[in-house]
1. Which residue out of 266, 219, 234 is open to solvent by 60 Å² or more (accessible area, probe 1.4 Å) and acidic (Asp, Glu)?
2. Tell me which of these residue 77 doesn't satisfy, since it passes every other one: (1) under 30 Å from residue 273 (Cβ atoms); (2) touching a strand residue (DSSP E or B) at 6+ places or on another chain (Cβ under 9 Å).
3. Any idea which residue in the range 166-201 is most open to solvent (accessible area, probe 1.4 Å), counting only those that are among the small types (Gly, Ala, Ser) and in contact (Cβ under 8 Å) with a residue 60 or more places away in the chain?
4. If you go through the range 126-138 one residue at a time, do you hit one that is within 17 Å of residue 279 (Cα to Cα) and crowded, with 16+ Cβ neighbours inside 10 Å?
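The values are calculated or read from the model by the stated rules, or taken from the named source; none is laboratory data. Since the model is a prediction, treat every value here as computed from it, not as a measurement. Here Cβ is always computed from backbone atoms with ideal geometry, including for glycine, and neighbour counts include all displayed protein chains. Protein only, heavy atoms only, side chains kept; ligands, DNA and RNA dropped before computing areas. Shrake-Rupley method; radii C 1.70, N 1.55, O 1.52, S 1.80 Å.
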Amino acid sequence: MKLIIVSGRSGSGKSTALHVLEDLGYYCIDNLPIGLLFPLTREAAAKQNAPGRLDKMAVSIDARNLSDELANFEEIYRKLHADNIQVEIIYLDADEQSLLQRFHATRRKHPLSDDQTSLREAISSEKTLLEPLSRLSDLYINTKGLSMYELRDMVKQRVAGRKDQELALLFQSFGFKHGVPLDSDFVFDVRCLPNPYWDTRLRKFTGTDQPVIEFLENEPASRKMISDLTGFLETWIPSFADSNRSYMTISIGCTGGQHRSVYICEQLGRHFREHRTNVQVRHTELPHLQARKEV
């Protein structure tokens, strides 16, 4: 049996992720009390041979659970594994300012806010309450800047496009001046490469455009960077896969996230697609280029 637990702070996109999983054939339950996880999985296991068996389930768990149950979640998580339940945790989050803006836009009440607790305080305390799930998460998605449709595509590609026991890879470019993505497993800095930005003829292009590609392809340092990163990742990715890692996010950064990091991400994605079936490339500073998987 496969169980996906969706968690994260309120306003981060849990409902959207759960709807995607429902569309993918998972039996979904929103806001499940943690104490009901064992009865639910055991009931589902007892019906494995029945019509309409519940062999793929997804539940969302949030801060509305009792604080002591959240604090003891790691013990429950390990018992589920001991019962031969294949458990994956997807944790969604965003920075505090983004969450504040989302609540102000929708005028929804935060589940932890009241007359004595402000919205900002509720968002902050929610992060602490959910830390046990965040720490154990298999896939961490930072939804800052993602539209609902981009989030749906990302969940669908990274979860549904992954075969059992396969490590799903995401290469994402970013600009250091905008901050390092919080969902990164590896971060590589390529600001040492020649910068196309300083050539006024290339400034308007990005790392997906042929003029910039040709500029960087002609630089020995770019070729060396790609070779070294490819060798490092080919060496160590299998070790992460052998330790039952399901997802890996590799972030490549340059100053603005427009040229060098985009080019390097594209080259790494192209290389690893030759050997793996679930490889996505995402450019965080280029909103018109969504996370995608080459078919």
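1. None of the others qualify; the one that does is 234.
2. The one condition residue 77 does not meet is (1).
3. It comes out as 184.
4. Yes; the residues of the range 126-138 include at least one that is within 17 Å of residue 279 (Cα to Cα) and crowded, with 16+ Cβ neighbours inside 10 Å.
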